[in-house]
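The values are calculated or read from the model by the stated rules, or taken from the named source; none is laboratory data. From a predicted model like this one, the values you see are computed outputs, not experimental measurements. Because the Cβ atoms are built from the backbone with ideal geometry, glycine has one as well, and the counts that use them run over all protein chains shown.
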Amino acid sequence: MENVLRPLIVIGGSVLLTLAMGWAGDRLLRKADERHHDTPLWGLLRRARVPYQLVLCAALLRGSYDQAKLLERHQAGVGRTLTLVLIGAAAWLVIRIAGAVVETGYSRYARAHRDAARVRRVRTQVELIKRVVSAIVMVVAIAAMLLTFPAMRAAGASLLASAGILGIVAGVAAQSTLSNLFAGLQIAFGDMVRIGDTVVVDGEWGTVEEITLTFLTVRTWDERRITMPVSYFTSKPFENWSRGTPQMTGTVSWHLDHGAPVEAMREKLRDILRESPAWDGRAYSLVVTDTTPNTIQVRALMTAKDSDDIWAVRVAVRERMLTWLVAQHPYALPRVNTSEAALPPRHLPSADGARLHEDHEFPRTGRS
């Protein structure tokens, strides 16, 4: 009977105590979160209740397993397994706590500052700091797990002796990975590109959605995701529309007939912009920028407070101006002339001084 009750009491007691302590800790964090709505730390710490309970359970079982007298032949293996679980759960708990602390600091900074560009820069740095901390904790946890095996401890001296050679070989083999790693740190603290920035890379316009230590994800306007190595942004030029002030200037061009009413188009552009909520009212203009034998190029310029609004203004101006030209001035649209051109008369002097009227033949031409 004792052989049955002893392991039941030890294992069952450890599990029940873990559940009780986990429930009590969750209740305390919930009450703290309700009292302090302006601090998200307590709510974020509640996400760590699973690794917290796993640490408690593994620690209790590891400390009391010898008293259970269960699987005595495999006592060393079970003890090492519980130790590995304890180390892994502790690393998980540390990552969750560090993430909660960093997120809390970012939330307070975002509420205290109204500069969107600065907030995005801090957000990028926070994300990369979290990933660096997670990577360091995972490496330390794996090293601690390996050191629980006697063979690994015995091989430690030889590993340290060959660490220099292995480091050189690993550096050469992982040159691309290391370059991306340092490029990610440079992006995070060099303020080159931030999460939420509007960028143009390889002719694709989109918003930076995610930045890691090795790659960067851009979400395009049509919901595609472009994943690029972060070293691209430190070695090649790219457009960042969110650098500096978010205000932008946009243009719309039309190819029209030479008889297009340019002055009336200026007035119509003014009316369209006044009715557009996306126009910020800073500036606008309409000028003829080029001519060809068949058409003229008319360019409209307008301003907006950010890249999203400038896109909305451009498409509205383009559509409404064309609709107005078709309805009110259809002759202003490009067209192909098929009628014969009028030929001017040519006068040539005669030998006796009299002027003779002579029509010379010219080739019949038309514009196509």
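Flag: Ala135 does not match the condition of being closer than 22 Å to Met192 by Cα and either among the hydroxyl-bearing types (Ser, Thr, Tyr) or touching a residue at least 12 places away in the same chain (Cβ under 8 Å) (or both).
Take the conditions assigned to a helix (DSSP H, G or I) and of a type outside the set (Ser, Thr, Tyr) and apply them to Leu301. Does it pass? Spell out the reasoning first.
Numbers: assigned to a helix (DSSP H, G or I): no; of a type outside the set (Ser, Thr, Tyr): yes.
For Leu301, the condition - assigned to a helix (DSSP H, G or I) and of a type outside the set (Ser, Thr, Tyr) - is not met.
Residues in the stretch 205-222 that are at pLDDT 85 or above and charged (D, E, K, R) were compared, and the one that is nearest to Thr234 (Cα to Cα) is Glu209. For the stretch 30-45, the set of residues classified as of a type outside the set (Val, Ile, Thr), surrounded by 14 or more Cβ atoms within 10 Å (Cβ to Cβ) and modelled with pLDDT under 75 consists of Asp33, Pro40, Leu41, Trp42, Gly43, Leu44, listed by residue number.
Residues are listed down the side, and each one gets a yes or a no for (1) modelled with pLDDT of 90 or more; (2) of a type in the set (D, E, K, R); (3) exposed (fewer than 14 other Cβ atoms within 10 Å of the Cβ); (4) touching a strand residue (DSSP E or B) at 6+ places or on another chain (Cβ under 6 Å):
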{"site": "Ser242", "(1), (2), (3), (4)": "no, no, no, yes"}
{"site": "Thr249", "(1), (2), (3), (4)": "no, no, yes, yes"}
{"site": "Glu267", "(1), (2), (3), (4)": "yes, yes, yes, no"}
{"site": "Ile272", "(1), (2), (3), (4)": "yes, no, no, no"}
{"site": "Gly281", "(1), (2), (3), (4)": "no, no, yes, no"}
{"site": "Thr289", "(1), (2), (3), (4)": "yes, no, yes, yes"}
{"site": "Gln297", "(1), (2), (3), (4)": "yes, no, no, yes"}
{"site": "Leu301", "(1), (2), (3), (4)": "yes, no, no, yes"}
{"site": "Lys305", "(1), (2), (3), (4)": "no, yes, no, yes"}
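Under 7 Å between Cβ atoms, at least 6 apart or on separate chains: pull out the pairs that start in the stretch 252-280 with a residue that is in the same structural domain as Thr291 (by TED's automatic domain parsing) and end on any residue that is basic (Lys, Arg). Every condition considered, the pairs that remain are Val252/Arg314; Val252/Arg318; Ser253/Arg299; Asp257/Arg335; Ile272/Arg320; Asp280/Lys305.
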